[in-house]
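The values are calculated or read from the model by the stated rules, or taken from the named source; none is laboratory data. Just so it is clear, the model here is predicted, and its values are computed rather than measured. Note: ideal-geometry Cβ built from the backbone for every residue, glycine included; neighbour counts use all protein chains shown. What goes into the accessible areas is simple: the full protein's heavy atoms, side chains included, and nothing from ligands, DNA or RNA. Shrake-Rupley method; radii C 1.70, N 1.55, O 1.52, S 1.80 Å.
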Amino acid sequence: MFHSILIANRGEIALRVMRTAKKLGMRTIAVYSEADTNALHVKNADDAVFIGPSPSVRSYLNVDNLISAIDASGAESVHPGYGFLSEKEHFAKAVMQRTNATWIGPTPEAIRLMGDKIESKKIARAAGVSTVPGVLEAISDPKEAQAVADKIGYPVIIKAAAGGGGKGMRIARSAEELRDGMKWPPRKRARASTTRASSSRNISTTRATSKFRSSPTSTATSCHSASANAPSSAATRR
């Protein structure tokens, strides 16, 4: 059993992990950017480490800063939450190879395989797992997409095969909406959110589904910094 856990995330996501960790008697460690100095996930953690300026690319998405935070905190385990770097194999590898902490999450190989919606669907089908009706190849031709949609029924989702954090998706409830959606493929978002280049394999069409999130709460103590640029007020709070 681990005695401490660092959550490499923020807000409601971090709070949910902390709530369970506290029930297990674990010391919880938050990370925070300058914008989140007084955030609830920081206040509710037993300890907190400053990881950089407000832009997420310089803090929550900064692997070196997070690795430094893990080392500085003495965390025995690291939970990535979801979003941010949780789906990036290079972060999982960095934690496993550059720290003494245990990575709580999928292996880097699993993250890589599941990072492409089309490939992951192929793997699931090959394993006999039921999947949402759709296609196993990327579609760029609106006529082909309409033929698939007519077969599986509306509504359908038009989305980037490599992912865009949920931002690069459009729901089409009719053939007209499908045609309009195909004129706006979220290629830029998909490329920006993945290290894998994808031009011809950008659009997949599947039946529309929905999901929801819930939120938690939790209480805490000390705060320090793993960054040389930490503002003194944030580094010495509490």
Alpha-carbon centroid distance for the pair region 88-113 / region 18-33, whole angstrom: 20 Å
Roughly how many Å² of residue 76 are accessible to a 1.4 Å probe, to the nearest 10? 70 Å²
³J(HN,Hα), Karplus 6.51/-1.76/1.60, whole Hz, each residue of region 20-25, x for Gly, Pro: 5, 4, 5, 5, 8, x
Amide H neighbours of residue 27 at under 5 Å, excluding residues fewer than 5 places away on the same chain, with H built from the backbone geometry, are 4, 5
Residues whose modelled amide H sits under 5 Å from the amide H of residue 49, counting only those 5 or more places away in sequence or on another chain, are 30, 31, 32, 224
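Can you tell me the order of 143-155, 63-75, 94-106, 121-133 when each peptide is scored by its average per-residue count of other Cβ atoms within 10 angstrom, highest first? Write out the running numbers ahead of the final one.
Details: 143-155: 14.8, 63-75: 20.8, 94-106: 16.8, 121-133: 11.6.
Result, highest mean first: 63-75, 94-106, 143-155, 121-133.
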With x for Gly and Pro, the residue-by-residue ³J(HN,Hα) of region 171-180, computed from phi through the Karplus equation 6.51 cos²θ - 1.76 cosθ + 1.60 at θ = phi - 60° and given in whole Hz, is 9, 10, 9, 7, 4, 5, 5, 5, 4, 5
List the residues, sorted by chain then number, that are 5 or more residues from residue 88 or on another chain and whose placed amide H is less than 5 Å from its amide H. none
Which entries in 22/88; 23/122; 22/122; 23/88 show an alpha-carbon gap greater than 31 Å? 23/122; 22/122
Integer Hz, Karplus 6.51/-1.76/1.60 couplings in order for region 65-81, x for Gly and Pro: 5, 5, 4, 4, 5, 4, 5, 5, 7, x, 4, 8, 8, 10, 10, x, x
Mind checking which aspartates and glutamates have their Cα closer than 18 Å to the Cα of residue 151? Skip sequence neighbours fewer than 8 apart in that chain. 137, 141, 176, 177
